[in-house]
Amino acid sequence: MSSTSASVTGVAGRYAAALFELAREQDAVEPVARDLQAVAGMLDQSVELGRALKSPVVKSETKAGIARALGDKAGFHDLTGRFLGVLGEQERLDLLAAMVTAFETLLAEHQGRATVEVVSAVPLAPEQAEAVREMAARALGKTVELRTAVDPELLGGLVVRIGSRMIDASVKTKLRHLELAMRGAG
């Protein structure tokens with residue numbers, strides 16, 4: 001297996017990395033990515049399906065059969081169907097959502113894309129959002145997708161997340177640091 005990103009960790013990350021490498025070898029990264037998105041959508045839409053796949057009462061062979069049947073019915077790529085079956089047999093279907101996220105991270109890195117999450121106290125103006133996106137793109141050397149959110153408790157400033165890295169330049173955090181410094185000085 002070739003090297004994969006350090007940003008996908010844990011059991012879910014290892015499974016996603018293995019699937020990604022196999023998909024690359026078979027030139028099937030895009031179809032597998034679409035299949036995984038479809039599986040995530042199915043799990044979001046059907047609470048019962050999610051429960052059945054996660055239930056300790058349901059036997060692993062049954063889970064594997066359900067997972068394979070989903071793949072067959074949806075017309076998934078053979079690799080995706082086999083992967084779902086292995087997850088069922090290994091009692092790892094409970095990690096499927098995390099695996100999808102990890103696979104998407106690997107795909108984005110492979111394509112030279114990065115997702116940057118920005119949380120601000122008030123909605124960013126379009127020109128502010130574009131300036132943050134451009135700055136992140138220059139710093140990362142990648143195409144950046146910007147996801148924004150609003151948290152009024154920040155009071156001002158920004159919290160920026162790029163993968164597992166976080167830059168907290170919020171007024172709330174600066175005030176907390178000032179308070180701690182003042183307590184230590186007295």
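Numerical summary
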{"quantity": "Total residues in region 7-24, condition farther than 14 Å from Glu104 by Cβ and either surrounded by 22 or more Cβ atoms within 10 Å (Cβ to Cβ) or among the small types (Gly, Ala, Ser) (or both)", "calculated": "2"}
{"quantity": "So Leu79, is it surrounded by 15 or more Cβ atoms within 10 Å (Cβ to Cβ), over 30 Å from Ala137 (Cβ atoms) and at pLDDT 90 or above", "calculated": "yes"}
{"quantity": "Pro56 being exposed (fewer than 14 other Cβ atoms within 10 Å of the Cβ) and not hydrophobic (A, V, I, L, M, F, W, C)", "calculated": "yes"}
{"quantity": "Some residue of region 104-121 being in contact with a Gly (Cβ under 7 Å, 6 or more places away or on another chain), surrounded by fewer than 17 Cβ atoms within 10 Å (Cβ to Cβ) and either at pLDDT 90 or above or closer than 30 Å to Glu61 by Cα (or both)", "calculated": "no"}
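Residue-by-condition table, conditions (1) touching a Leu at 6+ places or on another chain (Cβ under 9 Å); (2) over 28 Å from Ile162 (Cβ atoms); (3) without any contact (Cβ under 8 Å) to a residue 12 or more places away in the chain:
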residue: Tyr15; (1), (2), (3): yes, no, no
residue: Glu30; (1), (2), (3): yes, no, yes
residue: Lys63; (1), (2), (3): yes, yes, no
residue: Gly75; (1), (2), (3): no, yes, yes
residue: Asp78; (1), (2), (3): no, yes, yes
residue: Leu87; (1), (2), (3): yes, yes, no
residue: Glu91; (1), (2), (3): no, yes, no
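The values are calculated or read from the model by the stated rules, or taken from the named source; none is laboratory data. Because the structure is a prediction, the values reported are computed rather than measured. When we count neighbours, we look across all protein chains shown, and the Cβ atoms used for this are built from the backbone with ideal geometry, even at glycine.
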